[in-house]
There are 2 protein chains.
Amino acid sequence: MNYVDINEVPAFSTSLPMQLYRALDAIMPEYRNLFYKYDLTEQQWRILRVLWTENNITVARLSKITLLPAPSLVGILDRLIKKNLLVRNRSEKDRRQVQISLTTKGQELQQLVAPSVLAIHSRLKARLSNEEWQSLERLLQKFSV
Amino acid sequence: MNYVDINEVPAFSTSLPMQLYRALDAIMPEYRNLFYKYDLTEQQWRILRVLWTENNITVARLSKITLLPAPSLVGILDRLIKKNLLVRNRSEKDRRQVQISLTTKGQELQQLVAPSVLAIHSRLKARLSNEEWQSLERLLQKFSV
DNA sequence: TCGACATAATTCATATATGAACTATATTAA
DNA sequence: TTAATATAGTTCATATATGAATTATGTCGA
């Protein structure tokens with residue numbers, strides 16, 4: 001009567017969510033330690049990282065690319081603006097939209113942080129072969145469609 | 001002078017953290033919708049899920065298995081206790097430790113939620129072949145050592 | 001052109017994450 | 001045995017996540 005056969009239940013730790021969380025739990029502290037040196041949180045860095053490539057974009061697009069929920073973005077952007085790293089500008093074409101742009105200070109931060117982030121990335125990259133990376137990316141994409 | 005060659009910088013969206021976040025972002029809402037029906041958050045469910053398999057464990061062990069930070073656990077456990085799903089008991093052997101145990105109500109909840117969680121898991125499982133699952137698990141483990 | 005509906009951003013209430021500090025208890029070395 | 005140190009759990013301050021509601025603006029069809 002709806003009872004679950006424990007033998008058919010995957011062990012908690014081998015469930016897909018927990019495997020993904022465990023990987024993140026292992027790799028993110030190193031990133032966060034780095035961001036901390038520049039007085040940035042992980043989420044703040046994500047926003048800057050996107051703007052460095054694609055400046056002057058709407059909040060909605062920023063939310064989509066960074067995966068940061070819109071309500072969270074409000075506060076995160078507030079704090080980045082307070083640090084004089086970026087600015088809000090209401091769009092002229094569509095008054096509902098708000099464009100986010102880097103300040104000079106926000107742009108300059110890239111040169112400071114990016115090299116170390118790249119170094120972390122390189123060390124991660126070295127843990128798998130090219131074939132393994134392609135395989136991992138392909139498999140992960142099967143869920144994020 | 002420390003400038004980053006943009007061609008060597010992996011696109012933000014293809015970085016390992018973002019690929020992992022994107023997979024989670026895609027699969028977790030379905031779980032959360034389910035938990036919501038039973039007035040549970042994702043984190044609250046994680047704790048119950050562990051206790052259903054291994055009851056009466058310390059907060060430290062619960063933190064380790066669920067990956068929930070100890071400071072967060074305090075409040076999460078408070079709310080589960082308030083809902084009469086589990087109890088705290090200070091350990092006799094080591095007075096520093098606190099043992100967490102399910103109440104009858106907490107135990108009974110398993111029969112209600114677990115089948116639907118298993119159903120979600122089965123649908124996820126169907127997206128990959130057995131070989132692909134093994135491959136994915138092996139690759140993810142390379143980071144969570 | 002007006003009213004129904006849609007969209008972008010924000011606000012709100014509540015829950016959780018993060019890192020530092022703290023309390024109580026346990027352990028260890030001199 | 002006692003002082004130094006370690007550990008388990010908690011508290012604190014701040015930042016972020018989640019889902020619902022709200023405000024301002026746009027769009028579309030009768």
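The values are calculated or read from the model by the stated rules, or taken from the named source; none is laboratory data. Remember, it's a predicted structure, so these values are computed and weren't measured experimentally. Reconstructed Cβ throughout: ideal geometry from the backbone, glycine too, with neighbour counts over all protein chains shown. When the accessible area is computed, the model is the full protein with side chains, heavy atoms only, and any ligands, DNA or RNA have been set aside. Shrake-Rupley method; radii C 1.70, N 1.55, O 1.52, S 1.80 Å.
Miscellaneous remarks
- B:Arg90 label point (Cα plus 7 Å toward Cβ) to equivalent points in the other copies: 5.8 nm, shortest first.
- Other copies of B:Ala70: label-to-label distances in nm, shortest first, labels 7 Å along the beta-carbon direction: 4.0
- Ratio of Rg to Rh for segment A:13-141: 1.02 [Cα atoms; Kirkwood radius as inverse mean 1/r over pairs].
- Restraint check, A:Lys64/B:Lys37; B:Lys37/B:Lys64; A:Lys125/B:Lys142; B:Lys64/B:Lys125, Cα-Cα greater than 19 Å: A:Lys64/B:Lys37; B:Lys37/B:Lys64; B:Lys64/B:Lys125
- Here A:Ser129 yields copy-to-copy label distances, from shortest upward, of 1.8 nm, the label point defined as 7 Å from Cα along Cα to C-beta.
- A dipole drawn for chain B from +1 and -1 charges on Cβ atoms has a positive end, and of B:Thr104, B:Phe12, B:Leu128 the residue lying farthest that way is B:Thr104.
- Accessible surface of the protein assembly as shown [probe 1.4 Å, protein heavy atoms]: carbon and sulfur percent: 50 percent
- In the context of the full set of protein chains, residues of the protein assembly as shown present 56 Å² of accessible surface per residue (probe radius 1.4 Å, heavy atoms only).
- Comparing B:Asp39, B:Asp94, B:Asp78 in a Gaussian network model of chain B, where Cα atoms under 10 Å apart are tied by springs, the biggest mean-square fluctuation is seen for B:Asp94.
- Net charge in the neighbourhood of B:Leu112 (other residues with Cβ under 14 Å of its Cβ; Lys, Arg +1, Asp, Glu -1) is +2.
- Around B:Val98: net Lys/Arg minus Asp/Glu count, Cβ-Cβ under 15 Å: +4
- Candidates A:Arg127, A:Arg90, A:Arg32: whichever shows maximal mean-square fluctuation once chain A is modelled as a Gaussian network with Cα springs under 10 Å: A:Arg127
- From largest to smallest, the equivalent ellipsoid semi-axes obtained for the protein assembly as shown from the alpha-carbon gyration tensor read 38, 23, 20 Å.
- Excluding exposed DSSP-loop chymotrypsin sites (Phe, Trp or Tyr not before Pro) (at most 16 other C-beta within 10 Å), longest clean stretch of chain B: B:39-145
- 5 angstrom amide H check on B:Leu68, placed H, neighbours 5+ away: none
- Both chains summed, the buried accessible area for B and A stands near 5200 Å², from protein heavy atoms and a 1.4 Å probe.
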